[in-house]
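> Can you keep this structure in mind? I'll have questions shortly.
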Amino acid sequence: MQGDGSRADEPAPTSDGFDLTGTLVGLDAEEAERRREALRAVRATLEEDPERCAPTVPKLRELLEDPDADCDAVVLECLAELAAVTPADVVPAVDAVLEHVRERSDAETTAALRCLTHVADSRPRWVLEAVDDGFETDPTAEADSIGTLLAVLRHRSAAFDEDPTETLEGLSAADPTIREHAELALAVFGRPEA
């Protein structure tokens, strides 16, 4: 019989294979495999038509904030791609991405920094305020790494006059962990011109 074995919340494919409603339901699912499937759909659509994925940003942010979701790398890659095309839609996720940068120093930070830089290119003041808020709420938490991030964001936006070279050199010399973070940021965004 038609419909047997189907689930009411199963994504209904469209002519191009992407169903926004089904994908949003999948991103919100408790089953890890359904979340992964929805994330694969988002990533595939980002390659062809990234604007269609803009409504997924709130769900992606929730996944990034959920310590049990175990999909940060893919979520950050999706947010970075979305920020490159529609940075205004990613603005609400900046705090969650910044939190990730403050807490992690692994390869996932590359996508997080790329995401923040794309947003900063469009909304530099908003990102600067979000970074400053991080200092106000917890001034001792990875302050040097946040300083490195702030310097790179300033470098990437014409809205800021300060050349970050001196700041980055000072931070790089301070501690090996901070040096790695600064080098990662510079590798992603390009070194400041002399």
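The values are calculated or read from the model by the stated rules, or taken from the named source; none is laboratory data. Note that the structure is predicted; figures quoted are calculated from it, not measured. Note that we place each Cβ from the backbone using ideal geometry, even for glycine, and neighbour counts take in every protein chain shown.
> Condition first: within 11 Å of the chain's Cα centre (by Cα) and at pLDDT 90 or above. Now tell me which residues in the stretch 66-89 satisfy that.
Within the stretch 66-89, Val74, Val75, Leu76, Glu77, Cys78, Leu79, Ala80, Glu81, Leu82, Ala83, Ala84, Pro87 qualify.
> Return the only residue of Arg52, Arg35 being in contact with a helix residue (DSSP H, G or I) (Cβ under 8 Å, 6 or more places away or on another chain), of a type in the set (Lys, Arg) and crowded, with 20+ Cβ neighbours inside 10 Å.
Selected residue: Arg35, the only one of Arg52, Arg35 that is in contact with a helix residue (DSSP H, G or I) (Cβ under 8 Å, 6 or more places away or on another chain), of a type in the set (Lys, Arg) and crowded, with 20+ Cβ neighbours inside 10 Å.
> Also: Can you tell me which residue is nearest to Cys115 (Cα to Cα) among those in the stretch 75-93 that are touching a Lys or Arg at 6+ places or on another chain (Cβ under 9 Å) and surrounded by fewer than 20 Cβ atoms within 10 Å (Cβ to Cβ)?
Top of the filtered list is Ala84.
> Further question: Going through the stretch 50-93 one residue at a time, which ones are charged (D, E, K, R) and more than 13 Å from Thr23 (Cβ to Cβ)? I'd like the intermediate steps shown before the answer.
Of all residues in the stretch 50-93, those charged (D, E, K, R) come to 51-52, 59, 61-62, 65-66, 68, 70, 72, 77, 81, 89.
Those that are charged (D, E, K, R) and more than 13 Å from Thr23 (Cβ to Cβ): Glu51, Arg61, Glu62, Glu65, Asp66, Asp68, Asp70, Asp72, Glu77, Glu81, Asp89.
> Evaluate the stretch 105-113: report whether one residue or more is touching a Ser or Thr at 6+ places or on another chain (Cβ under 6 Å), more than 25 Å from Arg34 (Cβ to Cβ), buried (at least 22 other Cβ atoms within 10 Å of the Cβ) and among the aliphatic types (A, V, I, L, M).
Filtering the stretch 105-113 down to residues touching a Ser or Thr at 6+ places or on another chain (Cβ under 6 Å) leaves none.
Scanning the stretch 105-113 turns up no residue that is touching a Ser or Thr at 6+ places or on another chain (Cβ under 6 Å), more than 25 Å from Arg34 (Cβ to Cβ), buried (at least 22 other Cβ atoms within 10 Å of the Cβ) and among the aliphatic types (A, V, I, L, M).
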